[in-house]
Amino acid sequence: ALIAGYVPPKLADEDLAFSFGIGASGSGVPFHVHGQGWSEAVHGRKRWLLYPPSHTPPFDPDESSASWLHNTLPTLNGKDRNLLDDCVIGPGEALYFPSMWWHATVNVGEGVFMSSFEPNKPGAADRSEQRKTANKGNWA
């Protein structure tokens with residue numbers, strides 16, 4: 001019933017994929033990419049970490065976003081620090097992310113969220129998996 005009554009923002013003429021989430025504090029999604037989209041906070045707050053498509057973030061695909069915040073974020077410098085967009089959205093707020101931007105999320109407290117996004121563009125579906133394969137075993 002919730003999804004059936006949901007009116008997504010107008011993004012494009014394509015079909016949109018939808019994601020509804022309920023998460024505990026500290027849960028989230030590791031860095032990944034796909035088409036442009038919106039994320040709306042229904043309850044609680046969500047921290048967003050974004051990098052432009054031209055800069056692959058330094059991350060271990062097997063590490064949680066909360067672990068990345070604790071272990072990797074404090075060590076960032078240079079482009080890894082300067083290109084990072086870091087923000088928090090709360091109830092009644094939405095975040096737009098452009099197509100193919102790397103992004104990860106972490107719930108700040110318990111949260112309920114709705115997202116709508118365009119499916120992966122050609123050649124994009126495997127970027128996170130390719131990164132995982134290329135770097136497997138190279139993480140401290």
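Sort 46-54, 72-80, 87-95 by the packing proxy (mean of other Cβ within 10 Å over each peptide's residues), most packed first.
Descending packing order for the listed peptides: 46-54, 87-95, 72-80.
Assuming R0 = 30 Å, what is the FRET efficiency of His70 and His43, from their Cβ-Cβ distance, to the nearest 0.05?
Details: r = 24 Å, r/R0 = 0.82.
For R0 = 30 Å, the calculated efficiency reads 0.75.
What is the percent carbon and sulfur in the accessible area of region 17-132, measuring with a 1.4 Å probe over the protein chains and ignoring ligands?
53
Skip the ligands, DNA and RNA, and give the accessible area per residue of region 17-132 with a 1.4 Å probe, whole Å².
48
The values are calculated or read from the model by the stated rules, or taken from the named source; none is laboratory data. If you're wondering where the values come from, they're calculated on a predicted model, not measured in any experiment. Quick reminder, even Gly has a Cβ in these numbers, built from the backbone with ideal geometry, and neighbours come from all protein chains shown. We work out accessible area using only protein heavy atoms, side chains counted, and drop any ligands, DNA or RNA first. Shrake-Rupley method; radii C 1.70, N 1.55, O 1.52, S 1.80 Å.
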